[in-house]
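Comments concern the structure below.
Every number in this text was worked out from the coordinates using simple rules, so none of it is lab data. Owing to the predicted nature of the structure, the values given are computational and were not obtained by experimental measurement. Every residue, glycine among them, receives a Cβ derived from its backbone with ideal geometry; neighbour counts consider all protein chains shown.
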Amino acid sequence: MYRFLLTPRWWGINVFVLLAIPFCIFMGSWQLSRFEARVQDQRDAGEQAAAARTDPARPLRELLPVDKDTSGKQAVATGRYGKQLLVPDRELGGRHGYYVLTLLRTDGGQALPVVRGWLPGAADAAKAPAAPAGEVTVTGALQVSESPGSDGVSAAGGLPDGQTGAISSASLVNLVPYKVYDAWITLAKADGGMTAVPATAPQGTGLDLKAFQNLGYTGEWFVFAGFVVFMWFRLLRREAEFARDAELGLIASETTDQNEETDRDQERSGSPDESTDGNPVRDTAEAPAP
């Protein structure tokens, strides 16, 4: 009854199924591993942030370039404050406000962006406290340069003079006349009565939308694998039932019954050589009698 499995059509179906199921399982497992990796990154970032609050501060040059391992570490730098900028549209504790960002010019000639604190309301340079004069030593959590349009960072342009949307060397290089470190720090103790800005985890280490997309794709690939198996069994069952009916002669009997029904219908409607009143139809082509 299952000899149809050896036909070319079913060879093609079987090969497709044997390739599709492992592929779906592999893709689902890969998406699941991506989700688990993001969960582990978030756990590591939380542990790192907790340890960074108690670790002793290290010189800035020892922590550069900043990455996932050094992000959040306490860094210390010495220099003189220079140009001050405001970073608008920043929320803290559910309140709308702005950062006060001041460039610290170090002995090496480069400037380190320092977030000295947060103030509520619209960005206003008159309300931002001036930076301390003279040489200062600052200590704060080292942070990765921001990317516009991610994690609450505004991507809007056309900001007023003295403001920047993102804290990054790419954004600041056109606003100050000196080189800028590709990193920034947020002070643990804010200046001038401002609120300290807490350190954040680097991008790609939290349970963001991408992480839950990976989890959703995991379910989709496993559903695809189950659907392939379901359709294969459904086709197999239908083909087996058809083959069984053919062996029992049910398909041939049905065909014979249909033919007999057609013959009976023709008999009821009359012979094609007779008229509707039952009299034979004369052949109009018959030759006249002599």
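Kindly rank 231-238, 113-120 from highest to lowest mean number of other beta carbons found within 10 Å of each residue. Walk me through the numbers on the way to the answer.
Numbers: 231-238: 12.4, 113-120: 23.2.
Going from most to least packed, we get 113-120, 231-238.
A dipole drawn for region 58-187 from +1 and -1 charges on Cβ atoms has a positive end, and of 148, 86, 132 the residue lying farthest that way is 132.
Here the gap between residue 68 and residue 83, fully extended at 0.36 nm per residue and compared with their Cα-Cα distance, gives a gain of 2.6 nm.
Placing dummy labels 7 Å off each Cα toward the beta-carbon, the span from residue 124 to residue 240 is 8.0 nm. Note on residue 170 and residue 137: their simple-model spin labels are 3.5 nm apart, each label 7 Å out from Cα toward Cβ.
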